[in-house]
1. Any chance you could run the full-extension gain for Glu188 through Ala70? It's 0.36 nm times the residue separation minus the Cα-Cα distance, nm to one decimal.
2. Work out the length of the dipole vector of the chain about its Cα centre, built from +1 on the beta-carbon of each Lys and Arg and -1 on the beta-carbon of each Asp and Glu, and round it to the nearest 20 debye.
3. Given points 7 Å out from each Cα along the Cα-Cβ axis, report the Glu164 to Glu242 separation in nanometres with one decimal.
4. Per residue of the stretch 264-274, in order, report the coupling 6.51 cos²θ - 1.76 cosθ + 1.60 (Karplus, θ = phi - 60°) as ³J(HN,Hα) in whole Hz, putting x for Gly and Pro.
5. Quick one: 3J(HN,Hα) in Hz for the stretch 15-28, Karplus 6.51/-1.76/1.60 with θ = phi - 60°, rounded, Gly and Pro as x.
6. Sort Phe25, Phe227 so that the residue with the fewest other Cβ atoms within 10 Å of its own Cβ comes first and the one with the most comes last.
7. Give me Ser37, Ser191 ranked fewest to most by other Cβ atoms within 10 Å of their Cβ, as a rough exposure proxy.
8. Mind checking the log10 I(q)/I(0) for the stretch 160-243 at q = 0.15, 0.19 Å⁻¹? Debye, one equal scatterer per Cα, no solvent, two decimals.
Amino acid sequence: MTRVELEGVRAGYIAEVLRGVSAEFRAGEMTAVLGPSGCGKTTLLKVVAGLLPAEGRVRFDGEEMSGVAAERREVAMVFQKPLLFPHLDVRGNVEFGLKMRGRAGDAAGMMEMVGVSELAGRKVGTLSGGQEQRVALARALVTRPRVLLLDEPFSALDEALRSEMRSLVRRLQRELRTTTVFVTHDQEEASLVADRIVLLLEGRVEQAGTAGELYGRPTTAAAARFFGWQVLRDGRAFRPDEARLGAAAGLPGEVQDVVRWARGTRYTVGLDTGETVTVDEAGYAAERRGAVRVELLRYLEFS
């Protein structure tokens, strides 16, 4: 199991994308790097893999890796597109990494672990999207890498397959204890698969911790907004389901819209300050209309 540390990492292409990133990916755990498109998630993976030069420090178990070539880092990477070799069958794809490294490995056992044993002789052009990603995982893991990097590998799959593949990756990671970094823009996916989450915004680490810590106790206004908190001009932040409409106390405003949805009733309220907020109330009581007050049941304060 390998601990990966980044310290003050700066990297990019024409312009700087990572702007002084410091983060830890704990040994034997799965860490999700979460953030919107363009925040630097894939760039971070390429720096860890040694595919992109960077300033700052990259360490594996305390060993400086900045001058170590990609092929010597013992890192495997799975992309959104499986990038399988079309001229090889499934077995040939899984064995490819072993042959390139000149080492022995249990390709048959790994194919069984990911559920593609019965496809061993099939050409990859005949596989479904989910089967292709299983083969890509087997090809990456059969070499027993020190670090496994997953770059939004399931974003092209439908929801049922994504759920199936998330469960597979989580099971494999727990069994093999491979230090894994999983990049995603999907908050639910990050919370379902990862032991810890690193939130990356505009090329910087905004917050790191467990899903419960990031969702329930964001430490900055930017992190709060990302996880669905509403931040008022006075610095108070609250979740839509941790507020309610009252008549006597709270922030004065007027109901602009009412929507019935699966979890209850959602109100859009225009406050007297000119701000617009959302309040989610459980159940389907009689709709509120006109002037109301928004009472905050729980909130955080940011300067």
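1. Numbers: separation 118, 0.36 × 118 = 42.48 nm, distance 3.14 nm.
Length difference between fully extended and current span is 39.3 nm.
2. Working: 42 positive and 42 negative charges, 130 e Å.
It works out to roughly 620 debye.
3. The modelled label-to-label distance comes out at 3.8 nm.
4. Running phi through 6.51 cos²θ - 1.76 cosθ + 1.60 with θ = phi - 60° gives x, 10, 10, 10, 9, 10, x, 6, 5, 6, x Hz.
5. 10, 5, 9, 8, 10, x, 7, 10, 7, 10, 10, 6, 4, x
6. Taking fewest neighbouring Cβ atoms as first place, the list is Phe227, Phe25.
7. Lowest to highest Cβ neighbour count: Ser37, Ser191.
8. -0.63, -0.89
Every read-out reported here was derived from the displayed coordinates using simple, explicitly stated rules and does not represent laboratory data. Remember, it's a predicted structure, so these values are computed and weren't measured experimentally. Positions of Cβ are generated from backbone atoms using ideal geometry, with glycine treated the same way; all protein chains shown enter the neighbour counts.
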